[in-house]
């Protein structure tokens, strides 16, 4: 596998076209913190499968368009080549494209929206990165969240754009009860699987498998932390009595999956202490997801990966508490490590 990647990198150095393809593949992989073109290719295949299987190929093309546009925008903005080559300018863009194509009706204005969102996501990423770097933090997927929130909220004021999968906007009723159906092992398993695929807004078991394989190709510990985070998130949501459809649909587990990967393998070197820290972060991300679902109900927009961003920033601020002591692994990623989300 290493030899194959070395040959690919050699070919990219001699071809601008291949280098551009490489940059975009790495951008897809960076959604789950993987600076690996093969991982990105598997992720892209997973998105394609999930979109076409659901009868919505325009979602895949929306993500692909936004990915390419965000990379071109980064080149136009003269983003440092190191960050561009690591795919750090594409991961927010592809998520913006997928989200807009998922929540809005197809039409000419949708594609204008996708292009605009992709360009703005790069600008927001650069701005947020500058704002948080002194805190030792990175932008993560906050540019995706903020850009998509604003674009979706604006559709309520435009007749030319129509939401087709947005949440229903209602005032939150205090202490309003809802039915909690008992979940069997199959339902829980489905929740775990879809927690992985919903990172890319897909509800597909095949897509989830491709995502997991893509992670394992790049880093087996990362794949294990992703799977463990999904399991813990689903169990936590079930124990707390979350709505059954949200659990089985993976809608309470996708942000915790990202939290598990970041805290467990990106910000720190895996260890028992780090795994415990990541587990606490996963549990709290489930709670943050439920809290934001409620808070955003009157606005009729989805929480997206905001719970992951908020919890991760909170858990990364005291990172010195897990720095290595003699004989213990410690922090392995810094704000200058271009292999992960450090733009």
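Tell me, Kirkwood radius of region 79-174 from alpha-carbon pair distances, in Å?
Computed over region 79-174, the radius equals 14.5 Å.
Applying 1/(1 + (r/R0)^6) with R0 = 30 Å to the Cβ-Cβ distance of residue 52 and residue 280, what FRET efficiency is obtained, to the nearest 0.05?
It comes out at approximately 0.20.
Counting other beta carbons within 10 Å of each Cβ, put 91, 268, 277 in order, fewest first.
277, 268, 91
So for the pair residue 14, residue 1, with labels modelled 7 Å out along Cα→Cβ, what separation do we get in nm?
Computed distance between label sites residue 14 and residue 1 equals 2.6 nm.
For the chain, take N as its residue count and report Rg(C-alpha) divided by 2.2 N^0.38 Å.
0.95
What does the highest-first list of 189-197, 72-80, 154-162 look like by mean Cβ count within 10 Å?
Per-residue Cβ counts within 10 Å, averaged per peptide and sorted highest first, yield 189-197, 72-80, 154-162.
Provide 125, 1 in ascending order of the number of other Cβ atoms located within 10 Å of each residue's Cβ, fewest first.
Going from sparsest to densest Cβ surroundings: 1, 125.
As a footprinting exposure proxy, order 186, 287, 310, 247 by other Cβ within 10 Å, with the fewest listed first. Each step should come with its number before you reach the end.
Numbers: 186 9, 287 17, 310 22, 247 29.
Arranged by neighbour count, lowest to highest, 186, 287, 310, 247 become 186, 287, 310, 247.
Given the peptides 31-42, 97-108, arrange them by the average over their residues of other C-beta atoms within 10 Å, most packed first.
The most tightly packed comes first, giving 31-42, 97-108.
Run the numbers on the chain and let me know its relative contact order in percent, using alpha-carbon pairs under 8 Å that are six or more apart.
Relative contact order comes out at 19 percent.
Read-outs throughout are calculated quantities, based only on the coordinates presented, and are distinct from any laboratory measurement. Predicted model, so just to flag it, every value in this text is computed and none were measured. Cβ coordinates were reconstructed from backbone atoms using ideal geometry, including for glycine residues, and neighbour counts include every protein chain displayed.
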